[in-house]
Amino acid sequence: MDRVDVTKLAVAGSLALIAMATALHARRLVRSHTEHGRTKKKKAKARHKHRHEIVDGEHSDAHERERSALIEFREARRAASTMTAATIAWFSSNVETLLDVGADGVHGGSDVEASVADGAPAEAPRMLASPSAGKAPDSPGRPAVGSVSVLSIGCGDGAIDIAVLRSIAAQPGVTKVHYVGLEPSENAATAFRARLAAARASGELGPNVATFVLHSELDDRPVRLAPRDQLGALARAGVAAAAQPVPEPSGPPAAASSGAGDDEGTSRGFPSKHQFDLVLLVHVLQELKSPLGALQRAALRTKPGGRVVVVQPVAGALSSLVAEEGDHQRAVLTTDDLRQLLLQQRLQPSIDSFETELDVTACLQRTAAGIRVMSDCVGRDLRKAKEAKLMRVLKGLWRVATIDPDDGSAHVKEPCAVLIVQKPHPQPVPGG
């Protein structure tokens with residue numbers, strides 16, 4: 001091999017090395033650019049996520065502030081209203097009728113139940129005693145009722161339910177009261193438990209009242225049932241569950257064994273299929289997404305022969321004000337609206353009513369407490385409302401308020417409707 005060939009080989013080798021180095025460098029550049037691109041994407045995603053977290057946090061804070069404001073408004077209105085006291089008085093006057101013990105010692109039927117079970121409407125709704133009528137006369141021959149189970153949907157802070165439990169437990173023949181309260185607001189559920197602790201400490205509630213307050217809510221989605229068999233389906237659904245006991249508490253065994261119940265119980269849901277003698281929806285139906293679905297599922301949670309009791313403020317003097325200046329999604333239901341919801345399920349309610357009063361003196365004086373009361377009435381935060389908006393609401397209140405000539409106080413009537421449905425016993429299947 002001569003010198004020329006050696007030179008050619010050396011040059012070829014050098015070119016090959018240069019090509020390899022160039023290719024390696026190119027791959028490194030590509031990898032570097034790729035990694036740089038990935039890093040940029042990761043950083044962009046991180047920045048995007050951070051921005052979303054900030055926005056979500058702001059939305060969460062805003063939602064919490066709004067929720068706190070709504071609770072504040074509701075408390076101000078309740079303090080200015082006789083609704084809580086009137087509701088407690090109604091239950092106290094009618095608790096014996098609600099338990100309604102038949103001659104065989106179990107929760108008995110009624111003419112309303114029989115007519116509905118036959119598919120025919122009742123001739124007239126059975127009116128219960130109003131609070132002003134006083135308690136029903138004692139029935140010394142009434143057989144013992146034994147244990148009574150109660151489910152309260154949207155039980156709030158317990159201001160009403162504790163009084164209801166006290167009235168039930170005081171009835172002759174009631175040996176045990178099992179109570180389950182569902183409340184979606186954690187603050188309200190906590191306040192309820194505090195009330196229960198105070199009631200037990202004072203002896204207002206004895207060991208024969210077992211209470212379970214759950215931070216939970218009832219699924220209020222409508223139940224799909226065949227239109228012609230809605231009543232039958234509601235009567236038959238979960239009949240086997242009716243014989244099952246009320247759910248045991250999920251808390252410490254000591255609390256459960258004491259008979260006092262688990263006042264500290266919590267839950268993220270209420271999947272239980274247990275049924276109850278009384279299912280209460282007190283001042284809550286209008287707050288639910290689907291009143292129809294809530295009534296259906298309340299009926300499913302009721303034992304055959306048991307009762308669903310709906311207490312709800314209905315359209316009155318404030319209705320026009322809400323229609324003109326309020327949140328239209330919170331339009332006040334009428335008694336007929338509630339009745340029609342039940343009739344859609346072929347359930348004929350017994351209907352009663354009682355009057356309450358809202359003191360709007362502070363509203364007309366434009367005090368801070370009055371602004372909160374007005375905010376709850378119209379479903380809008382009026383604390384930062386424009387003067388024109390506030391004046392329209394005030395004019396509406398002046399229009400519907402009654403002024404006491406003696407002390408100058410102003411009040412607005414707020415009617416409440418009570419609808420009671422007794423769930424029929426399932427009818428035997430022909431030829432079965």
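Within the range 376-386, one or more residues are out of contact with any strand residue (DSSP E or B) (no Cβ under 8 Å at 6 or more places or on another chain) and of a type in the set (Val, Ile, Thr). Every residue in the range 77-89 that is in contact with a Leu (Cβ under 9 Å, 6 or more places away or on another chain) and either crowded, with 22+ Cβ neighbours inside 10 Å or more than 11 Å from CYS416 (Cβ to Cβ) (or both), please. Within the range 77-89, ARG77, ALA80 qualify. Residues in the range 300-313 that are among the aliphatic types (A, V, I, L, M) and either farther than 24 Å from GLY158 by Cβ or out of contact with any strand residue (DSSP E or B) (no Cβ under 7 Å at 6 or more places or on another chain) (or both): LEU300 alone.
Please specify each residue of the range 354-409 satisfying the condition of being of a type in the set (Asp, Glu) and over 30 Å from VAL310 (Cβ atoms).
Residues of the range 354-409 that are of a type in the set (Asp, Glu), as a first pass: 355, 357, 359, 376, 381, 387, 404, 406-407.
Selection gives GLU387, ASP404, ASP406, ASP407.
Based on this model, can you work out whether ARG193 counts as buried (at least 20 other Cβ atoms within 10 Å of the Cβ), basic (Lys, Arg) and modelled with pLDDT of 90 or more? Judged against the criteria, ARG193 is a match. Among the residues of the range 4-58, just one is exposed (fewer than 10 other Cβ atoms within 10 Å of the Cβ) and at pLDDT 70 or above, namely ASP5.
The conditions of being of a type outside the set (Asp, Glu), in contact with a Cys (Cβ under 9 Å, 6 or more places away or on another chain) and modelled with pLDDT of 50 or more are not met by ALA169.
Of all residues in the range 258-275, at least one satisfies being more than 30 Å from LYS395 (Cβ to Cβ), more than 15 Å from the chain's Cα centre (by Cα) and at pLDDT 90 or above. Select from the range 382-422 the residues that are among the small types (Gly, Ala, Ser), part of a loop (DSSP other than H, G, I, E, B) and at pLDDT 90 or above and list them in ascending order. Matches in the range 382-422: ALA401, GLY408, SER409. Say we look at the range 392-415 and pick out the residues that are among the hydrophobic types (A, V, I, L, M, F, W, C) and under 20 Å from ALA76 (Cβ atoms); which of these is surrounded by the fewest Cβ atoms within 10 Å (Cβ to Cβ)? Once the filter is applied, the top-ranked residue is TRP398.
The values are calculated or read from the model by the stated rules, or taken from the named source; none is laboratory data. All figures in this text were calculated on a predicted structure; none of them were measured in a lab. Ideal geometry is used to build each Cβ from the backbone, glycine not excepted, and the neighbour counts take in all protein chains shown.
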